[in-house]
1. When only alpha-carbon atoms are used, what values of Rg and Dmax, in angstrom, describe the range B:179-274?
2. Between A:E313 and A:V477, with labels modelled 7 Å along Cα→Cβ, what's the label distance in nm to one decimal, could you check?
3. Obtain the radius of gyration and the Kirkwood radius of the range B:59-172 from its C-alpha atoms and give Rg over Rh.
4. So, by mean Cβ neighbours within 10 angstrom, what's the order for A:661-667, B:232-238, A:339-345, A:720-726 with the highest one leading?
5. Using alpha-carbon pairs under 8 Å, 6+ residues apart, how would you state the relative contact order of chain A in percent?
6. Tell me what chain A gives for mean residue ellipticity at 222 nm when only DSSP H runs of n ≥ 4 count, each as -39,500 (n - 2.57), the sum divided by the residue total, rounded to 500 deg cm²/dmol.
7. I'd like the carbon and sulfur percentage of the solvent accessible area for the range B:1-107, probe radius 1.4 Å, heavy atoms only, ligands and nucleic acids excluded.
8. How high is the FRET efficiency between B:V146 and B:Q61 when r is their beta carbon distance and R₀ equals 25 Å, given to the nearest 0.05?
Amino acid sequence: MHGRIDQHQASGQGVGARLPRKEDDRLMRGRGQYVADIRLAGMQDVAFVRSPLAHARIRGIHVPEAYRDRVFTAADLVGVNPIRAVSGLPGFKISEQPVLATDKVRQVGELIAMCVAPTRAEAEDIAAAVVLDLEELPAVHDMLQARAPDAPLVHEHWGDNIFLETNFEVDISAALDAPIKVSREITTARQCMAPLEGRGVVASFDHRLDQLVVTTSAQMPHINRNGLAECLGMDQGRIRVISPDVGGGFGHKGILLPEEVCLSWLTMRLGHPVRWIEDRREHLIASANCREHHYKITLYADRDGKLRGIDCEATVDSGAYSSYPFSACLEAAQVASILPGPYVMPAYRCRTFSVATNKCPILPYRGVARTGVCFALELMLDLVAAEAGLEPSEVRLRNLVQPDQMPFDNITNKHFDSGDYPEAMRRALEAIDVEALRARQRRGEPDGRRIGLGVSIYCEQAAHGTSVYSGWGIPMVPGHEQATARLTPDGGLELRVGVHSHGQSMETTLAQVAHEMLGIDVGNVRIILGDTAMTPYSTGTWGSRCAVMAGGAVATACGDLGDRIKRIGAKLLQQDVADVELIDAEVRGPNGSVTLREIAHTWYRRPQDLPKDVDPGGLDVTSGYKPQRDSGTFSYAAHAAVVAVDPDLGAVEILDYVIVEDGGVLINPMVVDGQIFGGLAQGIGTALYEEMPFDGAGQPLATTFADYLLPGPTEVPAPRLDHMETPAPYTRFGVKGIGEGGAIAPPAAIANAVNDALRRCGAELMRSPITPHRVVEAVIAAQGAGRAAA
Amino acid sequence: MKPAPFDYARPRDLSSALSLLGGNAGAKVMAGGQSLGPMLILRLAQPEQIVDITAIDELKQAEISGDELVLGACVTHADIEDGRVPDVSAGAMRSVAANIAYRAVRNRGTIGGSLSHADPAADWVSVLAALGARVTLRSVSASRQVSLSEFIVGALQSCLQPGELVAAIHIPKRSATAHWGYVKACRKTGEFAHGQCAALIDPDVGSARIVIGALDAAPVLIAKPAELFGGRVDADYKTRFDPRVADRLLNEAGVTDAVHRHIHLTVLKRALQEAA
Ligand SMILES: Cc1cc2nc3c(=O)[nH]c(=O)nc-3n(C[C@H](O)[C@H](O)[C@H](O)COP(=O)(O)OP(=O)(O)OC[C@H]3O[C@@H](n4cnc5c(N)ncnc54)[C@H](O)[C@@H]3O)c2cc1C
């Protein structure tokens, strides 16, 4: 195997090559085709009437007479089922999300009616003419208040607002006498994912195939089809879901939308194509919310900084409904399983609450629960370091799983597969030159700003499979990942995979894997994705799984195809198959060679030349793949940030940023760099800018990008990257999933850096994002406390 | 979202524009569209008719006349940034222009539109008040000139009457001895400021025009600036600055949140320190 890798690396196209992205030729010339680019004959636009209130009973929906046949409400959707995303975890309470509201609305922006017209502007005119008669109910927008016994109820029949409560404990009593005990409350803001392209749906009906065709900006098209079939009560064969080019997913596009169900129904009702393109206001108000966590957390440690245990109560604001397929509990329940991070500890307790509020459902966002967990744990470790009188990095080094312990089963039974965590931290520190930085801090800055250093480190379970997901009992459990590899009559290769690519460069990396197996030029490899009619079933893109799972599937399918190619080639060369090799897209034997093109030509065009006992399966193979062990790969990274904080204006500037990352064997290091850059930008957003605030009535307050701040080019520094490559022990090529990692550690590293900068003035921030207002508030509070103490 | 339906006119001369505005109470001026565009899209503004004034040459003129610079309302931020119009502010306006929003916005956004929109955090609203600018307002039947403090009457509120538009802005020549300081605090490049101060201080004649912007209300032109410096404006003004007085003035201006006050005070302090 290794010989082969080396050989094809030498050709500059195989596993490990920094190959420019194949998809860029199309995308960078503006030739990508997104949902909003699609024009179908007779297509009309849809605008929705959405709830202006966070919680209300619907008394009436008044449609002007002139628009009777242009407006549709829940009363019209006979036979359409609500979206149900149930978790099998014990005690989970089920929410039913009607695709158009029936008796109640439970969040601002909830769909109440759909209006259809030749243009979106006209559809909005109609929507504006629909009058709602709503009886406002008390809303609950604060997850901690929602847990209180007298809180208004989002789903009355539950009796409380708790989707799910979980408890996990290992011997916490053993930690309670530790000499160091630090406790805090830590909060991460509700955010809104912001892919360049929002969601969008074009629905039409193909009468020839008796098939509903839903073209949607989605990252898990096969899962959308499952959900659509359930909601519409249709056979899966009558539904085709197409995801064309998708301008960023990040988790937002993994969710079945009520809009998708609505438009599917509508096109069948009206008999012409309909489309809905999410605008940014809808996106911010009613979709894509994520990340809102609250932690009450205590760390116990010995004087030397060694962790004795963690005790935590974590609450996640899940919003009004359980989203399909991940459910309302995935985020909080994961918190409990990943909070111990990459560290060793003998005792641990975590209680979690997934809480329903009158806000839109929380969706998984790149890093999912990890970004919040890393923030909470890594901020707390800095406090342990302060108590122990140690450099924060030293506390990490003393508690990280050591390389000689690998593979390591941690306190929550996560199986860390491989790696050298302390080495990643040491390399990051070296890159920063901590001593010089400490000296600079002591000298002070001429401009009065304060410098701080922050570190954080995490490990990320990725590409975890059946054994992990079957336990959650949610509508989606990954099994074998499949790929179809087909040689075309002229010797080109078509690969069909069920995952989708929306920025992760799969068209390039999967072609590299095919090249690795068959030696075929990547220019002759076509990747077909994003279409349930053309690709094998897959749960799609989530959990940093595509390189591992689709990469493994492509390798397996190409391997199997290669075997058939070799057998035909051997016959053509009149050799025994054991005596031929498949190298550089040709089958070579002792006396000659035959190219893929010749072999394909023979199979398709000159079957008369084939041996009688040829494999009738031909040059078209679908194979499945699962790693030897499906408990997941564990990539990891150490991040170090140097910031300058202006204590009077609260401004934070990132002066330096270092990332040392181990993603196992990298299929394309340049693609990995890109993933990390993008993740870092999002992490900086979490750390310093992005926040979706609500007022007391549950109204979202950041409804345009003027209020919802995203980092731009001037706010995202170029990080310094360093790769370690510890091959994963259980996966094809030793690949680990890294897609989400870049977004996990930055909030923690940056917050630690800010707190380091402000430590001498006694200020502390335990909440993201770190806004100027919060910094100045903390500084003023510390000054007040200082004065009071003096 | 998409705008509600509206009619659109793009007159070539000022008098046609004024008669369109005068003849239709539902008409609204559009200059660069950088603020009006989003309001239309969000349906916060639903005018019957848009009168686009960017084809009117007269409104794009810029000339020095006597002791003042007269800028047509449709001069863009980029025109000023790039030095395509004359300058009487010794470079002050050019550097302000260069830091408004992003280049794409500056290419279209106009000085007249910026003032008319009267966003309390807009750069020109504070800067031109500190520079002592006046504006000429025109309607079909009348023309009047008002100071900037008279023009901006509140957050997003000007004294423009129906049928009236801003035709020109008059900026007095900055005296050779005057110091200029301008500081704004923004969350990120191109964002509207959350703290803003423009100061034109002439120690030689003992005068100071200090404007604090980015408040919830119209920017505040400090009425008795000498109070900030222990009773007089002279060469030592930087060292004589008394933050307690500034703190009191901010409180009186309605900045009751201690954190906001600290940020505004810091911005004020720095604008004075940087004045040169
Ligand atoms: C992303 C973004 C960031 C921005 N950041 C900043 C910033 O940092 N600082 C800043 O100062 N500005 C900022 N702006 C605003 C920008 O400067 C605009 O130029 C300004 O708000 C409006 O100018 P306009 O010519 O585009 O006016 P328009 O949008 O065309 O009009 C705005 C309003 O003024 C009225 N109007 C326009 N011209 C006249 C006139 N001559 N007479 C009477 N009424 C008139 C219109 O009817 C409308 O009500 C930003 C804008 C954007 C989109």
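The values are calculated or read from the model by the stated rules, or taken from the named source; none is laboratory data. This one's a predicted model, so the numbers in the text were calculated from it and none came from an experiment. Here the Cβ positions follow ideal geometry from the backbone for every residue, glycine too, while neighbour counts run over all protein chains shown. Heads up: the accessible areas ignore ligands, DNA and RNA and are worked out on the full protein's heavy atoms, side chains in. Shrake-Rupley method; radii C 1.70, N 1.55, O 1.52, S 1.80 Å.
1. When restricted to Cα atoms, the range B:179-274 yields Rg and Dmax of 12.7, 37 Å.
2. Distance between label points: 3.4 nm.
3. 0.93
4. My ranking of the peptides, most packed first, is A:661-667, A:339-345, A:720-726, B:232-238.
5. 16 percent
6. -8500 deg cm²/dmol
7. Carbon and sulfur atoms account for 49 percent of the accessible area of the range B:1-107.
8. Efficiency for this residue pair is about 0.80.
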